[in-house]
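Here the structure comes first, spelled out in structure tokens, and everything after it is commentary.
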Amino acid sequence: CLCAFFADNLRQKQQQEHGWLGWLENIDVKVIGTLFTFSLVYRFNVCYSRWWQGRLLWGNIITQCIDFSEKASLWIIDHDYADRLNRLIIVFPYACKAQLRGVSICDPSESGEDLIRRNFLTLEELDYLEANPCWQPYYFLDIMRAVIAK
């Protein structure tokens, strides 16, 4: 075990240099290994907790988008406006994902061209986003507000 090796190495150094770790003489290697293991497990649990919290928040974004899309389809009478709003709702999580990764939705590694191919986004909108750097999820929220206002 790496923990036991590290603790044994510390003990050998202490015996060679007499006193730089005087408190180590009375502590067993198992205790140091146990403390190291607990600190490692604690760190892992903190990382997992952060990952799980991010997963829950992302799931909440997706759930709210689905709910908003259902309400838009139900309450907006004009089919063209409802369809346009639903397309923007679909693009919003993609823009959030790109923002979290620190790139633009126009970036080749992101889904911009695929969204154009699937008719969720127009080429003009993608070109506008590429020419005008902005917080892209907010841009799509503004377009959604404009569609709702009509």
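Out of all the residues in segment 119-143, which are assigned to a loop (DSSP other than H, G, I, E, B) and of a type outside the set (A, V, I, L, M, F, W, C)? Selection gives Asn119, Thr122, Asn132, Pro133. When Ile116, Ile77, Ile90 are checked against the criterion of being within 21 Å of Ala146 (Cβ to Cβ), outside any helix (DSSP H, G or I) and among the β-branched types (Val, Ile, Thr), a single residue qualifies: Ile77.
Scanning segment 126-148 for residues being open to solvent by 20 Å² or more (accessible area, probe 1.4 Å) and under 23 Å from Asp80 (Cβ atoms) gives a total of 9. For the criterion of being among the aliphatic types (A, V, I, L, M) and surrounded by fewer than 15 Cβ atoms within 10 Å (Cβ to Cβ), Leu88 fails. Across segment 97-125, the qualifying residues are those that are over 26 Å from Asp78 (Cα atoms), touching a residue at least 24 places away in the same chain (Cβ under 8 Å) and of a type in the set (A, V, I, L, M, F, W, C), and the one among them that is most open to solvent (accessible area, probe 1.4 Å) is Cys106.
Restricted to segment 35-57, and to residues there that are aromatic (Phe, Trp, Tyr) and without any contact (Cβ under 8 Å) to a residue 12 or more places away in the chain, the residue that is farthest from Leu141 (Cα to Cα) is Phe38. For Arg118, are the conditions met, namely being touching a helix residue (DSSP H, G or I) at 6+ places or on another chain (Cβ under 9 Å), modelled with pLDDT of 85 or more and charged (D, E, K, R)? In short, yes.
The values are calculated or read from the model by the stated rules, or taken from the named source; none is laboratory data. From a predicted model like this one, the values you see are computed outputs, not experimental measurements. Positions of Cβ are backbone-derived with ideal geometry, glycine not excepted, and every protein chain shown enters the neighbour counts. For accessibility, only protein heavy atoms count, side chains too; no ligands or nucleic acids. Shrake-Rupley method; radii C 1.70, N 1.55, O 1.52, S 1.80 Å.
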